[in-house]
Structure formats: structure tokens, C-alpha cells
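A.B. asks: My questions all concern the structure below.
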Amino acid sequence: MSKISFIILLLGLYAPSLLQAQIDSSLFKRVENKDSLKNTMNMDAVYNRPMLFAGRLPVSIGGYMEANWQHIGVDGVSEGHQFQFRRFTIFMASTISKRIKFMSELEFEDGTREISIEFAALDMEFDPLLNLRGGIILNPIGSFNQNHDGPKWEFTDRPISATQMLPATWSNAGFGLYGKRYSNDWMFGYEAYISGGFDNTIINNEQGKTYLPATKSNADRFEESLTGHPLYSGKLAVRNNKIGELGVSYMGGVYNRYMDEGEQIDDKRTLHVFAVDFNTTLPRLNTFITGEWAWINVQVPENYIQTYGNRQYGGFVDIVQPIWRRSILGWDNASVNLACRLEYVDWNVGRVQETGDNIGEDLWSVIGGLSFRPNSLTILRLNYRHQRSRDFLANPPVMLGGFSFGISTYF
């Protein structure tokens, strides 16, 4: 189905609801998460979004958008002013009956160049600590993959470690269990899923290196697993309202097709990803700190060249400091924030076999930011990035730097 046909079909399915909602805009009401904010965790991000419903319509709707301007140079050479419409995302949710609900997330990237269903799952609650989820799920590796909405972040770009080392936003068809329990200031949550997963493109791609995001280009993964094995992913998290949240997660399985019609055609090769994430708010200063770090191990064939590494690691830390919160230009609860992001990725951990020197293929960057939030749904953000990246032989780094400005809002 072409992209245009897909859009027409989508509008056709939801046009009756939208037309009825247009009869009287006063029918719209904002739906907030039933849990209070202090009782939410990263695992709740898929439902912890502002939604609108109209009258007795069975479907609530919401979404967000992102648009940017940037002027970036590489080793002093720039392509000038660039304007980008990064994302337009639609949420649709429905409470089907008691303890049965459905949530979906449809994303249009770079205009309509890429259209993807990032989440579309049915949840059945048996107990707060035992819930079944099935459909297209977001694998819970780290925190950003599930908590990726643009208006939540102070930066125009998503973390490099989450999108170019880990494959965020990473979703697959699958099933699993999740649950949460809290007592006073303490909360505990878990998720465990089996799903479709990676394929051989992680070591056979245009990047010429071990690159997990390459699998995202395989749209067939939502209906067929080439390996015949599930991808296992799970997470344990604990939160204290006065301290913050800490999560540990795992994702792994077989990534190559090693059997064909009952005959072995290759060795079975696996990958394993471990991640830790955290967030906290410092008392008095209200400084918000969040980040994640991941380690990747991939079984690479021995006959592959060294640019395909079997170990990777990296992560990011965001620090956001509110400096002004008051009524500004008629917005009652507006805020101005300073922000800083530190990030690092090593795509090939090890040494060059011939020389014993450390392999390069790494990157680090520092991003400074100033943001303005007229309300909790909308952000304007100005960033400056300073980035250094090295090639496999650790030659002098490529320098990247420049400014970007962006807007993002829920609707």
C-alpha cells in the first residue's frame, strides 16, 4: 500500500469520530493519566500523555509535532540554513471495557517520507501486578525508547546512543506481561516480552559496522521472524518519590537465519543488550537529571573485517535547571530552563589486531540548551552542539558544531 493510500485509509477510518467532534469544540475534554504524577514511572510513558475526547465517543485522540531549524558545520563546512519537519505523531486510545484498553501511536517522520506504527497494543489487567499486553509493543530497553515524545525533552535531537547505537524508537510485534505496585513513596515495576527482533542487517549494512538500527528498515519483521526465534526483552525498575527512579533492562536473542527448510546453513549467532537508566530531581534546586547507559555484545563471524565490532557501549546524561518560573506574557505557569546533555558512544570496543592500538569509531558531544515552556504541553528550545567523532583508525577527529532551534507540542 502506498503512503498516500495509507493516509487516506486512516482518515477514512477515523473521519466519523473527527466530524462528530467538530460539531462543538466545547465537547472536547482533556484526559490525564489516572495515576497522579508522583505514582508514574518510565514504563507508564505510553499512557502518560495528554489526550482529548469528545462526548461519548469511544476513542480519545492526541499527538505531538516537532519542527526545527539548524545551521550545522562539519570541520568548518556548512550546508547553511536547514528547516525540518521532523515528526507528526497521532495517539489513539480506547477503553474497550473494564480493565481492557487499547493504545496506538502512528508516526509520520520527515513529512511523509517514513510512516510507522510505533505502538498498537491491547492491554488486559488481571491485577495491578499482572497485565497482559499484545500487539506492536515498545521493547523496554533503557528509558528513552518508551519515553521518546518530543515535548518532554529540552533538545531538538534525540540522544545518539539511543538512536544510532540502540535502535530507538524500537518496536516489534509481540506479547508479554507487565505490572506495577506502590506503597507510600516506593514503587516497583516490571515488564517481560517476547517479540520479533533483529536480523542479519546489523552486520550487513551500508554503515560498514555493527549497527543495530539497520534492522528498522525491515518492515517484514512485523509479520515474519527470519530467525524463527523470539527476541527477549525485560525490565525491572524501582522508584522513590523523594529520590528518583532506577531501572535495569535486557534485550537479546538470535539475530541470524541459520536454518532453511530444516537444514543448518549457518552458525547460530546471538546478541545481548544490557542497560541501566535513572532519573532524579535534586531538592530545593529542582534540577532534573536523567540518563541511560547501554552495553551491546554481538557474535560477529570470525571472517568479518574488524570494522564490525562485537562490543559497543554508550549513553547520555541530561541536566535541566529551571531558572525562571512565573507568569510570562499571559501564560500563568511558564518556565525558562537551562539544559546540558553529555553523550558518548563507542561502536567498536577493542584493539586493532595488527598494531594493538585502541580502535577509534567513537563519538562524544556536549549540547547546551535554553528552553521556554509556556505550559506543560509546549516547548521552544535553542541548542548548541559541539561534537567530535573518530574513525576506525582513531585519526584526528571530525569536528561538528552549530545551532538549532525547534518547537514541539502536544495537541
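The values are calculated or read from the model by the stated rules, or taken from the named source; none is laboratory data. Here the structure is a predicted model, which is why all the values come from computation and not from measurement. Cβ coordinates were reconstructed from backbone atoms using ideal geometry, including for glycine residues, and neighbour counts include every protein chain displayed. Surface areas here come from the heavy atoms of the whole protein model, side chains and all, with no ligands, DNA or RNA. Shrake-Rupley method; radii C 1.70, N 1.55, O 1.52, S 1.80 Å.
A.B. asks: When both residues are 6+ apart or on different chains and their Cβ atoms are under 7 Å apart, which pairs have a first residue that lies in region 204-228 and is closer than 19 Å to residue 259 by Cα, and a second that is open to solvent by 70 Å² or more (accessible area, probe 1.4 Å) and assigned to a loop (DSSP other than H, G, I, E, B)?
C.D. replies: 226/257; 227/257
A.B. asks: So, residue 114, is that one buried (at least 16 other Cβ atoms within 10 Å of the Cβ) and either free of Cβ contacts under 8 Å to residues at least 24 places away in the same chain or charged (D, E, K, R) (or both) or not?
C.D. replies: Spelling it out, it is not the case that residue 114 is buried (at least 16 other Cβ atoms within 10 Å of the Cβ) and either free of Cβ contacts under 8 Å to residues at least 24 places away in the same chain or charged (D, E, K, R) (or both).
A.B. asks: Checking the condition in a loop (DSSP other than H, G, I, E, B) and either farther than 25 Å from residue 393 by Cβ or in contact with a strand residue (DSSP E or B) (Cβ under 9 Å, 6 or more places away or on another chain) (or both), which residue from 314, 309 passes?
C.D. replies: Of 314, 309, the one residue that is in a loop (DSSP other than H, G, I, E, B) and either farther than 25 Å from residue 393 by Cβ or in contact with a strand residue (DSSP E or B) (Cβ under 9 Å, 6 or more places away or on another chain) (or both) is 309.
A.B. asks: Give 319, 323 a once-over and let me know the one that is under 26 Å from the mean Cα position of the chain (by Cα) and of a type in the set (Val, Ile, Thr).
C.D. replies: Testing whether each residue is under 26 Å from the mean Cα position of the chain (by Cα) and of a type in the set (Val, Ile, Thr) leaves just 319.
A.B. asks: For residues in region 182-199 being modelled with pLDDT of 95 or more, open to solvent by 50 Å² or more (accessible area, probe 1.4 Å) and more than 19 Å from residue 144 (Cα to Cα), which is nearest to the chain's Cα centre (by Cα)?
C.D. replies: This residue is 194.
A.B. asks: Taking the condition of a type outside the set (Val, Ile, Thr) and more than 26 Å from residue 147 (Cα to Cα), does residue 304 pass?
C.D. replies: The answer is yes for residue 304.
A.B. asks: If I ask for residues that are open to solvent by 30 Å² or more (accessible area, probe 1.4 Å), part of a loop (DSSP other than H, G, I, E, B) and of a type in the set (S, T, N, Q), which ones from region 247-305 would you list?
C.D. replies: Across region 247-305, the qualifying residues are 286, 299, 303.
A.B. asks: Follow-up question, since we're still on this one. Among the candidates 149, 127, which residue alone is acidic (Asp, Glu) and farther than 19 Å from residue 45 by Cβ?
C.D. replies: None of the others qualify; the one that does is 127.
A.B. asks: If you scan region 121-167, which residues turn out to be crowded, with 24+ Cβ neighbours inside 10 Å, among the small types (Gly, Ala, Ser) and either at pLDDT below 95 or in contact with a Phe, Trp or Tyr (Cβ under 7 Å, 6 or more places away or on another chain) (or both)?
C.D. replies: 161, 162 - these are the residues of region 121-167 that are crowded, with 24+ Cβ neighbours inside 10 Å, among the small types (Gly, Ala, Ser) and either at pLDDT below 95 or in contact with a Phe, Trp or Tyr (Cβ under 7 Å, 6 or more places away or on another chain) (or both).
A.B. asks: Same structure again: How about region 62-77: which of its residues are open to solvent by less than 50 Å² (accessible area, probe 1.4 Å) and either of a type in the set (Val, Ile, Thr) or over 15 Å from residue 411 (Cα atoms) (or both)?
C.D. replies: 68, 70, 72, 73
A.B. asks: Only one of these conditions is not met by residue 108: (1) under 16 Å from the mean Cα position of the chain (by Cα); (2) surrounded by fewer than 17 Cβ atoms within 10 Å (Cβ to Cβ). Which number is it?
C.D. replies: Of everything listed in (1) under 16 Å from the mean Cα position of the chain (by Cα); (2) surrounded by fewer than 17 Cβ atoms within 10 Å (Cβ to Cβ), residue 108 misses just condition (2).
A.B. asks: Then there's this: How about region 326-369: which of its residues are β-branched (Val, Ile, Thr), modelled with pLDDT of 95 or more and open to solvent by 60 Å² or more (accessible area, probe 1.4 Å)?
C.D. replies: Hits for region 326-369: nothing passes.
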